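For reference, the structure discussed in these notes is given below.
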Amino acid sequence: MIRNMIEDRIGDLKGNIGISYVDLNTGISCFTGNCDVFPSSGMVKLFLLIEIFHQLDSGKLHKEQIHALTSEDCSFFRKSELDEPSYGVISFLHEGLELNIRDLVYLMVTVSDNTAFNILLQIAGMDNVNDTLRCYGYKDTVINRKLFDWDKINKGIDNYHSVKEVTDMLHRLYLGQLISSNASSEILEVLKHHQRTNVMPYYFPENMVIAHQSGFDMGMTHDMGIVYADNPFILCMSASNVNTPNAESVMRDVAMICYRQSNS
């Protein structure tokens, strides 16, 4: 059984880990690990992406809608109180530069631009993101703050996701059942261009199409998506309170285990 193979590879990895797998042709699925709900780090970008397309689909937002970069947008991460590096490029651009919603979406997902996330969260509304998640039945996945909001971080406020719920999100997207068929397809098209390749895609050929979103922080790593192999499958993996290189090595091997199982 694939669950046994995954558990064997997890072995005695110390910390919290949750792994969910779905074979999209046979429907065979499993969840294993010792945890389902994790602090989200960059995974929040998937949940905001869903809300952005929900508002695009309803006409509340438009892809060509313009946001002109403010001095706060361009300097937010440079003046972070812990001098944390920020993924992305916006914090290096000039005030007044005009970006539309489509630009911000692709910056947020492809190069994991944290400023793009914060701008889009402000535009879409945090409450709206969470209301949409609840409408789809996701009770444990929630956005509570912007990225690098140190006032909230210091109060212990974080963003969270459920591995099982993200698996369901991706399954609905694959079936064209999240928001609308067109919105589902467009969301997956954006996720196919995510450029962080050091976990799930690591052992795959460069031309393997994977629609995924990742996230990482100190002692934490996530990678969740759909692998479009000849026999496609969903794989969602999260780990926290771990030695990150060890966890990522496990995740890379699990991705290959799932690929071989689905395409044997």
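The values are calculated or read from the model by the stated rules, or taken from the named source; none is laboratory data. Values in this document were obtained by computation on a predicted structure and should not be read as measured data. Note that each Cβ is placed from the backbone with ideal geometry, even for glycine, and that neighbours are counted across all protein chains shown.
Numerical summary
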{"item": "Of all residues making up segment 139-159, the number that are closer than 15 Å to GLN213 by Cβ and touching a Ser or Thr at 6+ places or on another chain (Cβ under 7 Å)", "result": "2"}
{"item": "Matching residues, segment 40-54, being hydroxyl-bearing (Ser, Thr, Tyr) and either outside any helix (DSSP H, G or I) or closer than 23 Å to ALA229 by Cα (or both)", "result": "SER40"}
{"item": "Selected residue (only one of LEU191, LEU173, LEU178, LEU235 is under 17 Å from GLY33 (Cα atoms) and hydrophobic (A, V, I, L, M, F, W, C))", "result": "LEU235"}
{"item": "Matching residues in segment 62-108 - criterion: being part of a helix (DSSP H, G or I), at pLDDT below 85 and touching an Asp or Glu at 6+ places or on another chain (Cβ under 7 Å)", "result": "CYS74"}
{"item": "Extreme residue, farthest from the chain's Cα centre (by Cα), among residues of segment 125-135 that are buried (at least 17 other Cβ atoms within 10 Å of the Cβ) and under 18 Å from THR167 (Cβ atoms)", "result": "THR132"}
{"item": "Entirely in segment 119-186, the helices (runs of 4 or more DSSP H) that have 1 or more residues that are touching a strand residue (DSSP E or B) at 6+ places or on another chain (Cβ under 9 Å) and either among the hydrophobic types (A, V, I, L, M, F, W, C) or within 28 Å of ILE66 (Cα to Cα) (or both)", "result": "126-135, 163-175"}
{"item": "The one condition in (1) surrounded by fewer than 16 Cβ atoms within 10 Å (Cβ to Cβ); (2) farther than 24 Å from VAL227 by Cβ that ARG3 fails to fulfil", "result": "(2)"}
{"item": "Count - residues of segment 14-39 that are in a loop (DSSP other than H, G, I, E, B), within 12 Å of VAL242 (Cβ to Cβ) and among the β-branched types (Val, Ile, Thr)", "result": "0"}
{"item": "Residue within segment 104-121 that is surrounded by 20 or more Cβ atoms within 10 Å (Cβ to Cβ), over 28 Å from SER180 (Cβ atoms), polar (S, T, N, Q) and touching a residue at least 24 places away in the same chain (Cβ under 8 Å) present", "result": "yes"}
{"item": "Count of residues meeting criterion [farther than 11 Å from MET237 by Cβ and either surrounded by 19 or more Cβ atoms within 10 Å (Cβ to Cβ) or touching an Asp or Glu at 6+ places or on another chain (Cβ under 6 Å) (or both)] in segment 10-33", "result": "3"}
{"item": "ALA229 vs. criteria small (Gly, Ala, Ser), on the phi < 0 side of the Ramachandran plot and in contact (Cβ under 8 Å) with a residue 40 or more places away in the chain", "result": "no"}
